[in-house]
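Novice: Provided herewith is a single structure, encoded as structure tokens, for subsequent inquiry.
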Amino acid sequence: MINHKETVVCACTEVHPEAVEQARREELPVPQLLAMSELFKILGDPTRLRIVNALAKERELCVCDLSRVLDMTQSAISHQLSLLRRARLVRFRKDGKVVYYSLDDDHVEGLISIAASHVSEQGRVQA
């Protein structure tokens, strides 16, 4: 939980046209913002974050392995993997009857790593 100790309010009424224009030029297109919002919604679930974290460092795990790691049912894990797969955050490969899951690409691990670092440096993580 984020704890804001004080509210900061800008008393300035002056607009800075150059800064406003630069921010407008650099604004991301709405479709891209919507896609990013959906990505963060998917990653906003602790169980899905645990799955992504378990698959980090180029690790492949099957549903049985993930079930054991997270101490959850295979059905619950499969449901979450389905959502992660549709969001292109994880991929799978079959080896006979076994389906192994891994992160879709290095960007996924990067997102998680940056978020973990940010939270840690802000002192938001409590053991």
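The values are calculated or read from the model by the stated rules, or taken from the named source; none is laboratory data. None of these values were measured; they are calculated from a predicted model. We place every Cβ from the backbone using ideal geometry, glycine too, and count neighbours over all the protein chains shown.
Novice: Within the bounds of segment 61-72, is there any residue that is under 17 Å from the mean Cα position of the chain (by Cα) and among the hydrophobic types (A, V, I, L, M, F, W, C)?
Specialist: No, there is no match, as no residue in segment 61-72 is under 17 Å from the mean Cα position of the chain (by Cα) and among the hydrophobic types (A, V, I, L, M, F, W, C).
Novice: Filter segment 72-95 down to residues that are in a helix (DSSP H, G or I) and of a type outside the set (A, V, I, L, M, F, W, C) and give me whichever is surrounded by the most Cβ atoms within 10 Å (Cβ to Cβ).
Specialist: Taking the candidates together, the pick is 80.
Novice: Which one of these does residue 65 not meet: (1) surrounded by 14 or more Cβ atoms within 10 Å (Cβ to Cβ); (2) assigned to a strand (DSSP E or B)?
Specialist: Here residue 65 clears every test but (2).
Novice: Here's something else I'd like to know. Tally the residues that are in contact (Cβ under 8 Å) with a residue 24 or more places away in the chain and charged (D, E, K, R), restricting the search to segment 82-127.
Specialist: 3
Novice: Another question, then. So, residue 45, is that one acidic (Asp, Glu), on the phi < 0 side of the Ramachandran plot and modelled with pLDDT under 95 or not?
Specialist: So residue 45 does not fit the description; no.
Novice: Same structure, new question: Exactly one of these conditions fails for residue 30: (1) within 30 Å of residue 108 (Cα to Cα); (2) of a type outside the set (D, E, K, R); (3) surrounded by 10 or more Cβ atoms within 10 Å (Cβ to Cβ). Give me its number.
Specialist: Failed condition: (3).
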